[in-house]
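The values are calculated or read from the model by the stated rules, or taken from the named source; none is laboratory data. All values reported here derive from a predicted model rather than from experimental measurement. Reconstructed Cβ throughout: ideal geometry from the backbone, glycine too, with neighbour counts over all protein chains shown. Surface areas here come from the heavy atoms of the whole protein model, side chains and all, with no ligands, DNA or RNA. Shrake-Rupley method; radii C 1.70, N 1.55, O 1.52, S 1.80 Å.
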Amino acid sequence: TAVSRSTTTTTTAMSLKQRRSSPTSGRETRADETAPPAVVTTDSSPAGSPLRKIIVRSVVGLAMLGFFVAVLNSRFVTVILPFLIILLQVVVFKEIVSVRYNAVKEMKLAFFRTLNWFFLFITLFYFYGKNVVSFTQEIGILTEQQSRFLRHYHMWTAFSMFVAAFMAFIYSLKKGLYKYQFKQFAWTLMTLLLVVAQSNFALTNLKHGLYWLVFPAACIICNDISAYYWGITFGRKIIQRKFISLSPNKTWEGFLGAFITTLGFAVLFTRYVSAHDWWVCPVDSFALPETCVRNPVWATSTYEVPQLLVALLGQATVSFAPIYVHALLLAVFASLIAPFGGFFASGMKRAYEKKDFDTIFPGHGGFYDRFDCQLIMVLCTYVHFKTFVATSVASVALLLSQISELSVIDQEAIYTELGVLLSKPL
């Protein structure tokens, strides 16, 4: 009895001590305070031995790669790819927004998550609305007059929906949840900027040619796969130093091995597609062109070798197409810079104590786990092409699209002016 009484006294004292030392004791958490994120375990890694994990990851990876190749070999690749790009944005948006989802608080907010999805719809409508109208006109659903009307009022419609969504958000603010609502609103806007704004340039890259969309994505895939296998084979056997704390499984051997592998892949891939016009020609409609006048970067040119390297190479000139230089530059970015998109995603997962964004791909995680590096790669390709590859600001397809939106009188005026210009001697 004495021992029991002593134990009870000790337990009570410890309980009181912990209660006094607790920073939240004696008060309730305010409704507008952001509670610590609950530990949500979304681990897509298969249970079992390391060998089984490698096998599962490899099989799922091959399945995704096979699907990608099948799409590229489809007759409707220029229709399927834009659809997949938009679908991926929707899924990735859902995965990132769900990271901060607090079911308890949002149960008290009617239509709050619906409003988030409405902002996504507005953004997609703004970036892709005109493309959808053009597609429906091309397949005969809309007439030219209807298409012109919808394109003319496209921006006004997008702005009107944004104003309505903005006012609805203000109206939805609820006392006691202000801080939470504004944090979620900021998180939604950040996600739209991160995902949709960057991915929008993927369709622009496709218009420059199938190569400018597929090649950067293939470099990321090659770098990711080779980094994994270089890492599990030679990881920490040569360089013991930790690579980056955000991703403890990443190794210097994997990073450097993937860099060399991706450079070699870039040359081989570019050499293969350079023989096919449908890979390199600009895509002006929803069908791949069979032939075209190629961009000058695909033409072989002769260059003088610096005097210091003549003795080493044994020749005074070298001949190659400039596209190989552009391919190597993009491969360097895919190997050295784009992985930081993955580290950004890793930091986000660590901040909210998540293993993966989803479990849809065993051994790989969710869609954002697979496409975290692709987003910044798409933007890099767009900037690189506009700065170093594009031969002019405008294109025939862009000019024709703009002319089609003019009145008949203005179109006749342009026709007359073009006749005058073309009649002058060169």
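Would you tally the residues in the stretch 289-341 being closer than 28 Å to residue 396 by Cα, assigned to a loop (DSSP other than H, G, I, E, B) and polar (S, T, N, Q)?
Selection size over the stretch 289-341: 3.
What number of residues in the stretch 108-118 are in contact with a helix residue (DSSP H, G or I) (Cβ under 9 Å, 6 or more places away or on another chain) and in a helix (DSSP H, G or I)? I'd like the intermediate steps shown before the answer.
Our first condition is that a residue be in contact with a helix residue (DSSP H, G or I) (Cβ under 9 Å, 6 or more places away or on another chain); within the stretch 108-118, this holds for 109-113, 115-118.
Right, trim to in a helix (DSSP H, G or I) and you get 112-113, 115-118.
Selection size over the stretch 108-118: 6.
Among all residue pairs at least 6 apart or on different chains, which show Cβ distances below 9 Å where the first residue, located in the stretch 397-426, is in contact (Cβ under 8 Å) with a residue 12 or more places away in the chain and the second is open to solvent by 90 Å² or more (accessible area, probe 1.4 Å)?
Within 9 Å, the pairs are 397/207; 397/284; 404/144; 405/152.
Which one of 344, 259, 357 is of a type in the set (Phe, Trp, Tyr), open to solvent by 60 Å² or more (accessible area, probe 1.4 Å) and either touching a residue at least 24 places away in the same chain (Cβ under 8 Å) or in contact with a Lys or Arg (Cβ under 9 Å, 6 or more places away or on another chain) (or both)? Can you show your working first?
Numbers: 259 fails: open to solvent by 60 Å² or more (accessible area, probe 1.4 Å); 357 fails: open to solvent by 60 Å² or more (accessible area, probe 1.4 Å).
Sole residue among the options that is of a type in the set (Phe, Trp, Tyr), open to solvent by 60 Å² or more (accessible area, probe 1.4 Å) and either touching a residue at least 24 places away in the same chain (Cβ under 8 Å) or in contact with a Lys or Arg (Cβ under 9 Å, 6 or more places away or on another chain) (or both): 344.
What's the total number of residues in the stretch 237-256 that are assigned to a helix (DSSP H, G or I) and either within 24 Å of the chain's Cα centre (by Cα) or touching a residue at least 60 places away in the same chain (Cβ under 8 Å) (or both)?
Taking the stretch 237-256 as the starting set, the residues that turn out to be assigned to a helix (DSSP H, G or I) are 252-256.
If we keep only those that are either within 24 Å of the chain's Cα centre (by Cα) or touching a residue at least 60 places away in the same chain (Cβ under 8 Å) (or both) as well, we get 254-256.
So the answer is 3.
If you take the residues in the stretch 274-326 that are closer than 13 Å to residue 209 by Cα and exposed (fewer than 10 other Cβ atoms within 10 Å of the Cβ), which one is modelled with the lowest pLDDT?
Only one residue fits best here, namely 290.
Hand me the list of helices (runs of 4 or more DSSP H) wholly inside the stretch 1-107 holding 3 or more residues that are under 17 Å from residue 365 (Cα atoms) and either modelled with pLDDT of 50 or more or touching a helix residue (DSSP H, G or I) at 6+ places or on another chain (Cβ under 9 Å) (or both). Walk me through how you get there before you give the answer.
Values: elements: 2-21, 50-72, 77-97, 103-106.
Helices (runs of 4 or more DSSP H) meeting the threshold: 50-72, 77-97.
Name the residue, out of 229, 211, that is out of contact with any helix residue (DSSP H, G or I) (no Cβ under 7 Å at 6 or more places or on another chain), surrounded by 14 or more Cβ atoms within 10 Å (Cβ to Cβ) and not polar (S, T, N, Q).
Values: 211 fails: out of contact with any helix residue (DSSP H, G or I) (no Cβ under 7 Å at 6 or more places or on another chain).
Matching residue, one of 229, 211: 229.
Just to be sure before I move on: is residue 345 under 30 Å from residue 99 (Cα atoms), modelled with pLDDT under 95 and under 22 Å from the mean Cα position of the chain (by Cα) in the structure I sent? Talk me through it step by step, then tell me what you get.
Working: under 30 Å from residue 99 (Cα atoms): yes; modelled with pLDDT under 95: yes; under 22 Å from the mean Cα position of the chain (by Cα): yes.
Spelling it out, residue 345 is indeed under 30 Å from residue 99 (Cα atoms), modelled with pLDDT under 95 and under 22 Å from the mean Cα position of the chain (by Cα).
Among all residue pairs at least 6 apart or on different chains, which show Cβ distances below 9 Å where the first residue, located in the stretch 104-128, is closer than 11 Å to residue 177 by Cβ and the second is open to solvent by 60 Å² or more (accessible area, probe 1.4 Å) and modelled with pLDDT under 95?
Once the first residue is closer than 11 Å to residue 177 by Cβ and sits in the stretch 104-128, its partners that are open to solvent by 60 Å² or more (accessible area, probe 1.4 Å) and modelled with pLDDT under 95 give 106/113; 108/174; 109/174; 112/174.
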